[in-house]
Each structure stands twice: as structure tokens, then as C-alpha cells.
Ligand code: ASP
């Protein structure tokens with residue numbers, strides 16, 4: 001390709017963070033896999049990419065998804081915000097699938113550009129028959145240059161489906177179709193190799209970087225007959241708590257008073273452990289532990305955000321210095 005043809009191509013920055021898509025076994029291919037491949041190795045497996053777009057590659061991290069931290073994603077968001085302002089057409093992030101539903105949402109909260117950001121990975125490493133990394137990468141890059149994907153925040157491309165960061169969840173530990181958006185559905189599909197978006201997404205207010213304040217937020221799940229021992233240990237050590245409650249926002253009755261006491265000190269978000277649907281506001285009023293009771297005790301309604309995404313919203317707000325009323329307003333705005 002001559003340089004004039006290359007100059008007319010859309011520009012995509014690919015950030016490689018590691019994960020199965022970048023994993024291979026040592027030496028002769030024996031033993032378990034670990035992140036070893038670079039962004040240019042990933043791109044080399046999809047020769048048509050370089051024909052279609054002008055690629056810039058960065059090996060940003062090379063670690064399993066389980067090792068990624070909030071500060072890694074804040075650094076990614078800072079880079080994307082800067083590059084989007086400079087005119088990059090789109091961004092692709094490759095990473096471990098274990099934490100992808102969380103990193104996608106966190107980036108969606110922190111990214112303020114209009115250029116598409118598309119995250120992908122793989123369930124089968126590059127040495128396996130039918131490795132899914134190359135097809136996922138191709139889909140992600142094509143979505144990153146798709147004009148309809150602009151202003152949609154962060155999307156996930158996986159197994160020929162496109163998902164919104166706010167809805168996507170990892171729903172299977174090994175299947176190549178490991179991602180779904182329960183309760184919402186994919187926002188698009190790859191059709192004959194090209195992205196087809198079914199809906200536009202209303203962009204939500206982003207959270208300003210940097211995330212300077214240290215903050216600790218954990219999730220405690222309501223379980224049958226639980227005595228809530230974790231609530232007692234959480235009491236002095238957390239800046240915020242997320243309850244993964246039963247059904248539409250219910251907890252064991254023995255928890256109610258303690259949750260109210262905690263909510264008087266730190267934000268306590270009420271979410272559902274079911275995986276989809278909303279926490280209710282006033283349908284059940286059976287006394288201690290109903291959603292009416294818990295919200296009356298000062299818990300904040302997490303709406304349709306699942307526990308993990310609610311935790312990231314609360315954590316990002318607290319780390320950016322939000323006060324209690326800003327936290328409450330941010331959750332109300334997303335219901
Ligand atoms: N199973 C994971 C993956 O699909 C491993 C990881 O998250 O690093 O990438």
C-alpha cells in the first residue's frame with residue numbers, strides 16, 4: 001500500500017492488556033498458558049486488518065484479567081481521552097475475559113470521547129484449534145471504525161455479538177459464547193463480517209479523572225439464613241458497601257438494623273444478586289429486610305446495575321472525591 005492510501009485509512013489504536021487472547025504455553029507448547037503474545041502477534045494472526053485500517057499498537061500490560069486493577073484502567077482511560085481529542089478514529093482493547101465485564105463498565109464511566117472503544121478477548125488461547133481471538137479482534141476493529149458506534153461509550157465485541165458495557169456479563173466460564181447482556185440483549189451483531197447496530201445508546205455522564213482518593217468498596221451477598229458476619233467485619237474498614245440482595249432487593253431480617261447503621265456512615269448500595277432486572281422501591285413491605293424497609297433505612301437503590309457494576313460506580317465516585325449527595329444523585333440518574 002502506498003503512503004497516500006495509508007493516510008486515507010481510519011486510525012485505530014490497539015491496546016493489549018494480556019488475557020487468554022495473548023496467552024501461549026512455554027517452549028514446545030506443553031503445560032499451562034500465560035500471557036506471552038504482544039499486540040503485534042495478535043494483529044499478525046489477522047492479515048486483513050492492516051489492509052483496512054492504520055493501526056497503532058501498544059503493549060500496555062501483559063497480565064491475566066485477574067491481575068488488572070482500577071488504576072490500570074484509569075491509566076487506560078487517561079490515554080484514550082487524550083488520543084480521542086487528537087482525532088484517533090477508534091480504540092480496541094484486548095484483555096482477559098475474567099474481568100472484562102468490569103473493566104468495560106469502569107472505562108465506560110471514565111472515558112469521555114466520542115470515538116468508539118471496543119473491548120475483546122478470547123476464550124481459547126492462540127494454540128488451540130478454533131481459537132476465537134482473531135475473529136474477535138477483527139470484529140472489534142471493524143466496530144471501532146464504524147460511524148454508528150460513535151458516541152456509544154464502551155462496547156464489547158465477542159462471538160459475533162456487540163454488547164453495551166453497562167449490560168454485558170460473563171455468563172460462562174469456558175464457552176466461546178461467554179458474554180451476554182441478560183435483561184437487555186446484545187446491541188448489535190456482526191453480519192457478513194460487518195457490525196450491525198440495532199440500537200443507539202444514551203450516553204451517561206462520565207466521572208472526572210484522576211481517581212486520587214483511596215477508597216475501599218466490597219460486595220456482600222445475601223444468602224439463605226446468613227448471619228451476616230461479613231457485615232460486622234466490614235463496618236469499620238470500608239468506605240462503601242454493595243449488597244447483592246435476594247430478588248428485587250431483599251435481605252435476611254437479621255441484617256436490616258446493621259445495614260441501616262452502616263448506611264448512616266457510608267454509602268450502602270442495594271442491588272439484586274439475580275443477574276438481571278431492577279431493585280424495586282415500594283412493592284414489598286414485609287418488614288425488616290424488604291426493599292421498602294432497607295431503602296427507608298438509607299440504603300441507595302442500585303436500580304438495574306448488578307452488584308459488580310454498582311461497586312465500580314461507587315468506587316469511581318468515591319475515588320474521584322464525590323460527596324454523599326453526589327453519590328446518591330449518580331445512582332438515581334442511572335436507574
Ligand atoms: N480466562 C481468562 C481469559 O479468557 C483469563 C484471563 O482473564 O486472563 O482471558
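Which residues, taken from the range 39-69, are within 16 Å of the ligand (Cβ to nearest atom) and part of a strand (DSSP E or B)?
Within the range 39-69, 59, 60, 61, 62, 63 qualify.
Name the single residue, out of those in the range 155-179 being outside any loop (DSSP other than H, G, I, E, B) and within 15 Å of the ligand (Cβ to nearest atom), that is surrounded by the most Cβ atoms within 10 Å (Cβ to Cβ).
Filtering the range 155-179 down to residues outside any loop (DSSP other than H, G, I, E, B) leaves 155-158, 161-164, 169-170, 179.
Keeping just the survivors that are within 15 Å of the ligand (Cβ to nearest atom) gives 156-158, 169-170, 179.
Numbers: 156: 32, 157: 28, 158: 29, 169: 21, 170: 21, 179: 26.
That would be 156.
State yes or no: is residue 104 under 22 Å from residue 214 (Cβ atoms), in a helix (DSSP H, G or I) and either in contact with a helix residue (DSSP H, G or I) (Cβ under 6 Å, 6 or more places away or on another chain) or within 15 Å of the ligand (Cβ to nearest atom) (or both)?
Details: under 22 Å from residue 214 (Cβ atoms): no; in a helix (DSSP H, G or I): yes; either in contact with a helix residue (DSSP H, G or I) (Cβ under 6 Å, 6 or more places away or on another chain) or within 15 Å of the ligand (Cβ to nearest atom) (or both): yes.
For residue 104, the condition - under 22 Å from residue 214 (Cβ atoms), in a helix (DSSP H, G or I) and either in contact with a helix residue (DSSP H, G or I) (Cβ under 6 Å, 6 or more places away or on another chain) or within 15 Å of the ligand (Cβ to nearest atom) (or both) - is not met.
For residue 244, all conditions in the list (1) touching a helix residue (DSSP H, G or I) at 6+ places or on another chain (Cβ under 8 Å); (2) part of a loop (DSSP other than H, G, I, E, B); (3) closer than 21 Å to residue 335 by Cα hold save one; what is the number of the exception?
With (1) touching a helix residue (DSSP H, G or I) at 6+ places or on another chain (Cβ under 8 Å); (2) part of a loop (DSSP other than H, G, I, E, B); (3) closer than 21 Å to residue 335 by Cα applied to residue 244, the lone miss is (2).
Could you check the range 109-129 and list, in sequence order, the residues that are in contact with a helix residue (DSSP H, G or I) (Cβ under 9 Å, 6 or more places away or on another chain) and either more than 12 Å from the ligand (Cβ to nearest atom) or assigned to a helix (DSSP H, G or I) (or both)? Spell out how you get there, then give the answer.
Residues of the range 109-129 that are in contact with a helix residue (DSSP H, G or I) (Cβ under 9 Å, 6 or more places away or on another chain), as a first pass: 109-126.
Once the filter is applied, which keeps residues that are in contact with a helix residue (DSSP H, G or I) (Cβ under 9 Å, 6 or more places away or on another chain) and either more than 12 Å from the ligand (Cβ to nearest atom) or assigned to a helix (DSSP H, G or I) (or both), the range 109-129 yields 109, 110, 111, 112, 113, 114, 115, 116, 117, 118.
Here is a list: 181, 173. Which entry is modelled with pLDDT of 95 or more, over 17 Å from residue 130 (Cβ atoms) and within 16 Å of the chain's Cα centre (by Cα)?
After ruling out the rest, the residue left standing is 181.
Quick grid of which residues meet (1) crowded, with 20+ Cβ neighbours inside 10 Å; (2) modelled with pLDDT of 90 or more:
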site: 2; (1), (2): no, no
site: 8; (1), (2): no, no
site: 13; (1), (2): yes, yes
site: 18; (1), (2): yes, yes
site: 22; (1), (2): yes, yes
site: 29; (1), (2): no, no
site: 32; (1), (2): no, yes
site: 39; (1), (2): yes, yes
site: 44; (1), (2): no, yes
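Consider residue 138 carefully, then state whether it is modelled with pLDDT of 95 or more, crowded, with 24+ Cβ neighbours inside 10 Å, more than 12 Å from the ligand (Cβ to nearest atom) and at negative phi.
No; evaluated as a whole, the condition is false for this residue.
Collect the residues in the range 23-38 that are over 30 Å from residue 217 (Cα atoms) and not in a loop (DSSP other than H, G, I, E, B), keeping them in residue-number order.
23, 24, 25, 26, 30, 31, 32, 33 - these are the residues of the range 23-38 that are over 30 Å from residue 217 (Cα atoms) and not in a loop (DSSP other than H, G, I, E, B).
Go through the range 180-202 and count every residue that is assigned to a loop (DSSP other than H, G, I, E, B) and in contact with a helix residue (DSSP H, G or I) (Cβ under 9 Å, 6 or more places away or on another chain).
2
Given 32, 18, which one is within 16 Å of the ligand (Cβ to nearest atom), more than 26 Å from the chain's Cα centre (by Cα) and farther than 15 Å from residue 91 by Cα?
Values: 18 fails: more than 26 Å from the chain's Cα centre (by Cα).
From the options 32, 18, the qualifying one is 32.
Suppose the filter is part of a loop (DSSP other than H, G, I, E, B) and touching a residue at least 24 places away in the same chain (Cβ under 8 Å); does residue 260 pass it? Steps first, answer last, please.
Values: part of a loop (DSSP other than H, G, I, E, B): no; touching a residue at least 24 places away in the same chain (Cβ under 8 Å): yes.
No, not satisfied.
Is the range 238-256 home to any residue that is surrounded by fewer than 14 Cβ atoms within 10 Å (Cβ to Cβ) and either touching a strand residue (DSSP E or B) at 6+ places or on another chain (Cβ under 9 Å) or under 30 Å from residue 142 (Cβ atoms) (or both)?
Initial filter on the range 238-256 (surrounded by fewer than 14 Cβ atoms within 10 Å (Cβ to Cβ)): 253.
When the remaining residues are screened for being either touching a strand residue (DSSP E or B) at 6+ places or on another chain (Cβ under 9 Å) or under 30 Å from residue 142 (Cβ atoms) (or both), the result is none.
No, because not a single residue in the range 238-256 is surrounded by fewer than 14 Cβ atoms within 10 Å (Cβ to Cβ) and either touching a strand residue (DSSP E or B) at 6+ places or on another chain (Cβ under 9 Å) or under 30 Å from residue 142 (Cβ atoms) (or both).
What are the residue pairs meeting all of these: first residue in the range 217-234, first residue in a helix (DSSP H, G or I), second residue surrounded by fewer than 18 Cβ atoms within 10 Å (Cβ to Cβ), Cβ atoms under 6 Å, and 6 or more apart or on different chains?
Here the result reads 231/258, each pair linking the range 217-234 to a residue that is surrounded by fewer than 18 Cβ atoms within 10 Å (Cβ to Cβ).
The values are calculated or read from the model by the stated rules, or taken from the named source; none is laboratory data. Model, not experiment: these values are computed from the prediction. All Cβ positions, glycine included, derive from the backbone under ideal geometry; neighbour counts span all protein chains shown.
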